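A.B. asks: One structure is given below, represented as structure tokens, and several questions about it will come after.
Every number in this text was worked out from the coordinates using simple rules, so none of it is lab data. Since this is a predicted model, take the numbers as computed values, not measurements. Using ideal geometry, Cβ is built from the backbone for each residue, glycine included, and neighbour counts are taken over all protein chains shown.
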Amino acid sequence: MLLAIYGAHGLAREVYIIARKINQIHHRWSEYCFIDDINEIAEVNEVKVYKFSELMKERKNNDIEVVIAVGEPGVRDFMYQRVKDEGVRLATLIHPGVYIDETTTVSEGVVIAEGVTITDNVEIGANTYIQSHAVIGHDIKIGQHTVIGSNCQIGGGDYIGDRVFMGFLSGTTDHISIGNDSVISAGAIVFRELPEGVVAVGNPARIMKKNESKKVFK
């Protein structure tokens, strides 16, 4: 089985580490590659880099899984749809050093990095990325294509929408919701409901502007 890591930069290299840690225990993949559709890169960490179209021509069969490894939620969504349209399986990667309660539901394409704690009755939507040492409280629903940064603390009973980006060390209190396509800056703490498509900063988090471009990284 080939694991194709869709991305070829810093986050992709981190996903490669997670995959190898998983493989030491479960032996899921016999080989790896990266995918980069923009830059002309031959190898990353001595692993071959393909264009997506090239990989589909060469290896589109039942012996391949793809995991998406970029930090921009909107791009994660685009890549997810592209992979699904090709009928290729999305790999779900959960680092061995993660605590997940048995009541948690993890959808396809999710990546959960080392040291994450996920407690009772949590739903994690497809293609979401949870970075290292985040803590996800009870009764939480996280949407699709969302990125939860390192050391985030998500309070109980919260709803986090689709394509949300929560920066490292950010967090929420209990029983609040964050709308789709919103960005929570590093270190911001959300105390009240946030609508769709806003950028919030500070502690307590305040809306700074609308996220009209629906992008995190300009």
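A.B. asks: Please compute, over every Cα-Cα pair in segment 12-164, the percentage with a separation greater than 20 angstrom. Intermediate results must be reported in sequence, preceding the final value.
C.D. replies: Working: 5623 of 11628 pairs.
Roughly 48 percent, rounded to a whole number.
A.B. asks: Within the chain, which whole H helices from DSSP have a Cα span along their axis of at least 20 Å and a mean Kyte-Doolittle hydropathy of 0.5 or more, if any? Could the numbers behind the result be given before it?
C.D. replies: Values: long enough: 10-26 (24 Å, 0.08).
Long hydrophobic helices here: none detected.
A.B. asks: What fraction of the DSSP beta bridges in segment 150-218 is antiparallel, stated in percent and rounded to the nearest 5?
C.D. replies: Values: 4 of 14 bridges.
So the antiparallel bridges amount to about 30 percent of the total.
A.B. asks: Using every pair of alpha-carbon atoms in segment 16-85, split the distances into 10 Å bins beginning at 0 and state the percent of pairs per bin, rounded to integers.
C.D. replies: It works out to 17, 49, 33, 1, in whole percents.
A.B. asks: So, one more: Measure off 7 Å from each Cα along the Cα-to-Cβ vector at residue 206 and residue 191, then give the distance between these two points in nanometres to one decimal.
C.D. replies: In this crude spin-label approximation the distance works out to 1.2 nm.
A.B. asks: Would you kindly calculate the mean projected area, averaged across all directions, of the convex hull enclosing the Cα atoms of segment 44-92, in square nanometres?
C.D. replies: With the hull built on Cα positions only, its mean projection is 4.0 nm².
A.B. asks: Related question: Hey, with R₀ at 45 Å, roughly what FRET efficiency would residue 31 and residue 177 work out to, going by the Cβ-Cβ distance, to 0.05? Provide the component values of the computation, followed by the final result.
C.D. replies: Details: r = 42 Å, r/R0 = 0.93.
FRET efficiency, residue 31 to residue 177: 0.60.
A.B. asks: Continuing with the same structure: Comparing 182, 132, 53, which has the greatest mean-square fluctuation in the GNM of the chain with Cα pairs linked when under 10 Å apart?
C.D. replies: Looking only at 182, 132, 53, the biggest GNM fluctuation is shown by 53.
A.B. asks: Now for a different question. Can you pull the Kirkwood radius for segment 79-218, inverse mean 1/r over Cα pairs, to one decimal in Å? The partial results should precede the final answer.
C.D. replies: Numbers: mean 1/r = 0.0675 Å⁻¹.
The answer is 14.8 Å.
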